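Novice: Here's a structure for you.
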Amino acid sequence: MSKILIVAEVKNGEIKKNTLELLSFAKSQGLENEAVLIGSGVSGQADILAGQGASTVYLGDDPSLEIYNTEQYTALVSDAILQSGATQVWLSSSELTPRVAARQSVGALSDVTQLEISGDEITAYRPCMSTKVIQKCKFSKDGLRVISIRSGFFTADETSPATAKTVSLSIPEGHSKLKVKAVQVEVSDEVELNEASIVVSAGRGVGGTEGCDFVRPLATDLGAAFGASRAVCDAGWLPHKHQVGQTGTMVTPNFYFALGISGAIQHLAGMSGSKVIIAVNKDPDAPIFKVADYGIVGDLFKAVPVLREEVQKLKA
Ligand SMILES: Cc1cc2nc3c(=O)[nH]c(=O)nc-3n(C[C@H](O)[C@H](O)[C@H](O)COP(=O)(O)OP(=O)(O)OC[C@H]3O[C@@H](n4cnc5c(N)ncnc54)[C@H](O)[C@@H]3O)c2cc1C
């Protein structure tokens, strides 16, 4: 019987949505699951993990863990693997995945978007070649399986009230070869792309920075993240942190608005997992319409004010 150890991600003292998605998925499959929780002052979050089905939470809570240090985190996750006897480790896609796998002398399967588990048999699916191909993977031998799973592909259930059973991890002592002196976080009140349930994205069709300023209020009205195609970012109309796509952020919101975006394969690679896609493009043959659920063939400068008006009416 598979036993899953899920590595929790914490941001600003709270468990991230992608961790809750993994726990909910494991629970829905009837799998025994446990979690690893690492950071400074994070123990209060253990009950949230228990409320999503984690039977045990392996806890590394220490002031020395306030700033993420890959060496320390790898050591702590390895300790949790040892103590739990897990047969699978699930992480959200991060650079921790290959380090954990290397420490256990096993391979890692990264960027998985779908899993089928039957006893000890696991079939994993992951997009590759800009999502033109979905790769079907199986592990060839027994032993620990380390899998990183892309966020947004499973749904997080409501957390039920629960009290966690916790097990302390040994905090690594001594000098780490790696010293992280500070983490600089940009302070912004914008909704983050990979956490957003709605994304409004601007493409080259907006014509410039003024066009970006024209469509951005639609994102604000909807409480959405503001995305862009690479063409927009390369032109310097918006910073690169807004870029959605193969070489930008992968998003899987409930609603994705593509405004003046042609739908190049590299853009689709980052947003085609969105649940509902709404495209506005004046070219009826634009490839974006092949993936769109709703399409407006027309000028975005005419469509955006109408969309904003309708949103205001719904909010009123
Ligand atoms: C290795 C590699 C990686 C890449 N990674 C990414 C990536 O991560 N993300 C990404 O986005 N791209 C990426 N690209 C670039 C990608 O190939 C496209 O060039 C880019 O996505 C095009 O952006 P666009 O759709 O905004 O612009 P265009 O392709 O120029 O499309 C603009 C669209 O706007 C429409 N339009 C114009 N005016 C209006 C108007 N007034 N109203 C309505 N519609 C209008 C046009 O009909 C057109 O369809 C990558 C390319 C390479 C080679």
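Bear in mind these aren't lab numbers, they're just calculated from the coordinates by the rules spelled out. These figures come from a predicted structure and were not determined experimentally. With ideal geometry, Cβ positions are generated from the backbone for all residues, glycine too; neighbour counts draw on all protein chains shown.
Novice: Report the Cα centroid-to-centroid distance between segment 270-316 and segment 1-73 in angstrom, as an integer.
Specialist: Between the Cα centre of segment 270-316 and that of segment 1-73, the gap is 37 Å.
Novice: For the pairs LYS275/LYS313; LYS138/LYS181; LYS16/LYS179; LYS282/LYS313; LYS11/LYS275; LYS16/LYS181, note any where the Cα-Cα span goes beyond 31 Å.
Specialist: Listed pairs above 31 Å: LYS138/LYS181.
Novice: Among VAL167, VAL280, GLY211, whose Cα projects farthest towards the positive end of the dipole of segment 164-316, with charges put on the beta-carbon of Lys, Arg (+1) and Asp, Glu (-1)?
Specialist: VAL167
Novice: Next question. Can you give me the relative contact order of segment 67-167 as a percent, contacts being Cα pairs under 8 Å and 6 or more apart?
Specialist: Dividing the mean separation by the residue count of segment 67-167 yields 30 percent.
Novice: For a footprinting-style exposure proxy, rank GLU195, GLU173, GLU95 by other Cβ within 10 Å, fewest first.
Specialist: Lowest count first: GLU173, GLU95, GLU195.
Novice: Give me ASP299, ASP189, ASP221 ranked fewest to most by other Cβ atoms within 10 Å of their Cβ, as a rough exposure proxy.
Specialist: Ranked by crowding around the Cβ, least crowded first: ASP189, ASP299, ASP221.
Novice: Spin-label point model (7 Å from Cα, Cβ direction): what's the SER43 to LYS17 distance in nm?
Specialist: Rounded to a tenth, the inter-label distance reads 3.1 nm.
Novice: Over all alpha-carbon pairs in segment 1-60, figure out the percentage whose distance exceeds 13 Å.
Specialist: Everything past 13 Å amounts to 52 percent.
Novice: If the viscosity is 1.567 mPa s and the temperature 4 °C, what Stokes-Einstein diffusion coefficient in µm²/s follows for segment 176-316 when Rh is the Kirkwood radius over Cα pairs?
Specialist: It diffuses with D of about 84 µm²/s by this estimate.
Novice: Only Lys, Arg, Asp and Glu count, each charged at its Cβ (+1, +1, -1, -1), so figure out the dipole size of segment 208-282 about its Cα centre, rounded to 20 debye.
Specialist: 180 debye
Novice: Between segment 203-240 and segment 150-177, how many Å separate their Cα centres?
Specialist: When both Cα centres are located, 36 Å separates them.
Novice: Sorted from largest down, give the three principal axis spans of the alpha carbons of the chain, whole angstrom values.
Specialist: Result for the chain: principal-axis Cα extents of 60, 40, 40 Å.
Novice: Separate question: Given segment 93-230, report the % of alpha carbon pairs whose separation exceeds 25 Å.
Specialist: For segment 93-230, the fraction of Cα-Cα distances above 25 Å is 56 percent.
Novice: In nm, give the distance between the simple-model label positions of ASP142 and THR70, each being 7 Å from the Cα along the Cα-to-Cβ direction.
Specialist: With each label placed 7 Å out from Cα toward Cβ, I get 3.3 nm.
Novice: In what order do GLU190, GLU210 fall by count of nearby beta-carbon atoms within 10 Å, going from fewest to most?
Specialist: So the ranking, lowest neighbour count to highest, is GLU210, GLU190.
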